[in-house]
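The structure under discussion appears below in the form of structure tokens.
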Amino acid sequence: MFPLGLFAMAVIFDVAVVLGGPSILGALAYWNVVAGLIGGVLSGLASAVDLIFVRQPDAKRLGVLRTLLNMAVLILFAVIFMVRIGAHDRQAGPGLLLVELFALAIGGFGAWFGGELAGGRTPAFVRSALGHRG
């Protein structure tokens, strides 16, 4: 399972810090990002192994799309991690918080997309891209 909960908590802690909360929340957000990156890499490896054994081209295409969404989230949070590691207090400013919110929005879309696929429902934009109507 992709570690969206850790990334979401990091964003919540950073919002609290930007709004004037205690600085310990910035450190907690930083460590949530670190744990989320570790979990995300492990999840990505499991997804890659799973994707290797998919034989149907349409299913493989959807799996690759979902994997790319998850990788985009990991890359954005890795950039956030690299920026924060240079700061002595490890806190995010308003600009970095916007990047976190953008990454979390991509992750939320990926989670919704995966839930639709797992429930047997293919989203309309995917049906049209694959040529399936109705």
TODO: Take segment 3-34 and flag every residue that is small (G, A, S) and not in a helix (DSSP H, G or I).
DONE: G20, G21, S23
TODO: Take segment 68-96 and flag every residue that is more than 19 Å from A8 (Cβ to Cβ) and in contact with a Gly (Cβ under 7 Å, 6 or more places away or on another chain).
DONE: D89
Task: Considering residues of segment 87-122 that are of a type in the set (A, V, I, L, M), under 18 Å from L68 (Cβ atoms) and in contact (Cβ under 8 Å) with a residue 24 or more places away in the chain only, the residue surrounded by the fewest Cβ atoms within 10 Å (Cβ to Cβ) - done: I106
- [ ] Give the residues of segment 6-40 that are without any contact (Cβ under 8 Å) to a residue 24 or more places away in the chain and under 13 Å from L101 (Cα atoms), sorted by residue number.
- [x] M9, I12, F13
Open item on the list: Can you name every one of the helices (runs of 4 or more DSSP H) wholly within segment 54-134 that holds 2 or more residues which are modelled with pLDDT of 85 or more?
Closed with: 57-86, 94-118
- [ ] Evaluate the following for L25: is it surrounded by 17 or more Cβ atoms within 10 Å (Cβ to Cβ), touching a Phe, Trp or Tyr at 6+ places or on another chain (Cβ under 6 Å) and more than 13 Å from F2 (Cα to Cα)?
- [x] yes
Open item on the list: Quick check on my filter: what residues within segment 49-61 are out of contact with any helix residue (DSSP H, G or I) (no Cβ under 6 Å at 6 or more places or on another chain) and either under 18 Å from A111 (Cβ atoms) or surrounded by 12 or more Cβ atoms within 10 Å (Cβ to Cβ) (or both)?
Closed with: D50, A59, K60, R61
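The values are calculated or read from the model by the stated rules, or taken from the named source; none is laboratory data. Given the structure is predicted, the values throughout are model-derived calculations rather than measurements. Glycine gets a Cβ as well: all are built from the backbone with ideal geometry, and neighbour counts include every protein chain shown.
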